[in-house]
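Enquirer: Mind looking over this structure? Questions follow.
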Amino acid sequence: MKLLLAVDKTRQFYISQFADALRKKGVTCKIIDDLDIYGNSKLNRRYFRWISKPQKLENTINEFKPDVVFTERVSHFSSQVLKYKIPLIIFLRGDYWNEVKWGKETLDKSVTKEFEIFTKQKIAEKCFKESALILPICEFLEKIVCKKYPDKDVNVLYQGINNSDWFSQKGLELKHPCVGLLQGAEIWEKAKEMLILPKVIEKMPEVNFYWAGDGQYRDKILPLLEKFDNFHWLGHLKYPDEVRRFFSEIDIYALVSGIDMSPHTLLEASLMKKPILATNVGGISESCENGETCFLIKKNDSDDWINKISTLLNNKAKMKEMGEKGYSYVKENFSWDKIADDFINILESNSNITSDERN
């Protein structure tokens, strides 16, 4: 089988590992940037891309001759693939429909922006309906997809991780005891849960809180946190080296999120043998075991955050035990080798894929 993987260039670090695991199992893979298929003019990239036929994509299809195309975005690229009658697989990492809704509520409402959103939604709807297979990243998201498209072929495919990438790396000095947050502020529904942190930070002056992350909603959150001497903002960290240094140094990893599906940071923190605290939303509970490898906390419950942080910091043995169990759990369930096997099994059982292969 020949598999063309088309993803955002920022995601190629992960997808290259997925491709490597698939190659070991006999799948021929090629990775491309799904935006790098247009001409060079800004006009072409911004507007004509919705109606023009990208020559670079035509060349790639003709030269590689993929049996299946795997993508993470419902975009113009995906809609163009459908024209070639090649089975399209959509690896869905987030709740697309709610993210569009949240974007409309919080972002620029200009006529141009609304037209762009409308056009993208039409393209996305076509891609979802005509795709051969949708692979939501967790069971929580699977339920949403099945409700939207009850007649579609849908299977869960978790994101994988290489445990060899996650090892202790010195170079970052933090004040202890400390809790580390590594999360963006690009989606308000996710980021706004961090607004409970002032209550937590104020009640725990002896604990240092470090936030590594950035995004368009940073300024709605950061001013409320910077008032405290025991809060520290690190901004965006380079991946993976600076992230490894961050995980190496923190005592506890915290994911304070309003909604999440299968956050990669939970897998990374687990392989770094860090105890994890996380808001119990979306598919987060599918990436860890409550009470064993993590403590899950209800939304808006600042008191429980305080209690759980105190419980761990006062029990070093529990911190170590939770970290060790988390490492074993992720290594067993989320290795790219396992995810590749799961993916191949899904393909082999899907008639929309196997009947259309062009080998």
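Where a number appears in this text, it was derived from the coordinates with a stated rule and is not lab data. Every value quoted in this text rests on a predicted model; they were computed, and no experiment measured them. Cβ: placed from backbone, ideal geometry, glycine included. Neighbour counts: every protein chain shown.
Enquirer: Could you check the spin-label model distance between D151 and K25? Points 7 Å from the Cα along Cα→Cβ, value in nm.
Expert: Between D151 and K25, the simple spin-label model gives 3.0 nm.
Enquirer: To the nearest 0.05, what FRET efficiency results for Q216 and K298 with a Förster distance of 25 Å applied to their C-beta separation?
Expert: 0.40
Enquirer: Something else: If the range 221-340 were replaced by its equivalent ellipsoid, with semi-axes equal to the square roots of 5 times the Cα gyration tensor eigenvalues, what would those be, largest first, whole Å?
Expert: 22, 17, 15
Enquirer: I would also like to ask the following. Name the long-range amide H neighbours of C29: under 5 Å, sequence gap of 5 or more, or other chain; modelled H, no Pro or chain starts.
Expert: Those qualifying (amide H under 5 Å, at least 5 residues apart or on another chain) are L3.
Enquirer: Would you mind pulling out the separation of the Cα centroids of the range 307-327 and the range 160-223, in Å?
Expert: 18
Enquirer: Moving to a separate point now. Report the GluC sites (Glu not before Pro) located in the range 152-203 that are in a DSSP loop and have at most 16 other Cβ atoms inside 10 Å of their Cβ, or state none.
Expert: Answer in residue order: E173, E186.
Enquirer: So what's the net charge close to N162: Lys and Arg +1, Asp and Glu -1, counting the other residues with Cβ under 12 Å from its Cβ?
Expert: Around N162, the surrounding residues sum to -2.
Enquirer: If you don't mind, another one. Enumerate by residue number the trypsin sites (Lys or Arg not before Pro) in the range 113-177 meeting two conditions: DSSP loop (anything except H, G, I, E, B), and at most 12 other Cβ atoms within 10 Å of the site's Cβ.
Expert: Answer by residue number: K170, K175.
Enquirer: Using a Förster distance of 35 Å, how high is the FRET efficiency between K85 and T112, based on the Cβ-Cβ distance and rounded to 0.05?
Expert: Step by step, r from the Cβ atoms, then E = 0.55.
Enquirer: Compute the semi-axes of the equivalent ellipsoid of the range 106-238, taking the square root of 5 times each eigenvalue of the Cα gyration tensor, and list them largest first in whole Å.
Expert: In descending order, the three semi-axes are 37, 22, 14 Å.
Enquirer: Using a 10 Å cut-off on Cβ atoms, rank the peptides 221-228, 343-350 from the highest mean neighbour count down.
Expert: Result, highest mean Cβ count within 10 Å first: 343-350, 221-228.
Enquirer: Which of these, N163, N280, N307, has the largest mean-square fluctuation under a Gaussian network model of the chain (Cα springs below 10 Å)?
Expert: Of the options given, N307 has the highest mean-square fluctuation.
Enquirer: Taking only DSSP H segments of four or more residues, each worth -39500 (n - 2.57), what value at 222 nm results for the chain once the sum is divided by all its residues, to the nearest 500 deg cm²/dmol?
Expert: One gets -13000 deg cm²/dmol as the mean residue ellipticity at 222 nm.
Enquirer: According to a simple spin-label model (label point 7 Å from Cα along Cα-to-Cβ), what is the distance in nm between L195 and N290?
Expert: Computed distance between label sites N290 and L195 equals 2.5 nm.
Enquirer: Hey, in the chain, which Cys have no second cysteine's beta-carbon closer than 4.7 Å?
Expert: C29, C127, C138, C146, C178
Enquirer: Compute the distance in nm between two label points, each set 7 Å from the Cα along the Cα-to-Cβ direction, one at F13 and one at K318.
Expert: Taking the two extended label points, one gets 3.2 nm.
Enquirer: Quote to one decimal, in nm, the extra length available between W233 and N333 on full extension: 0.36 nm per residue of separation minus the C-alpha distance between them.
Expert: Extending this stretch completely gives an extra 32.8 nm.
Enquirer: A further question on this structure: Using the Kirkwood radius built from alpha carbon pairs, what does the Stokes-Einstein equation give as D for the chain at 25 °C and 0.890 mPa s, in µm² per second?
Expert: Roughly 112 µm²/s, to the nearest whole number.
Enquirer: When averaged across all projection directions, what area in nm² does the alpha-carbon convex hull of the range 273-321 cover?
Expert: 3.2
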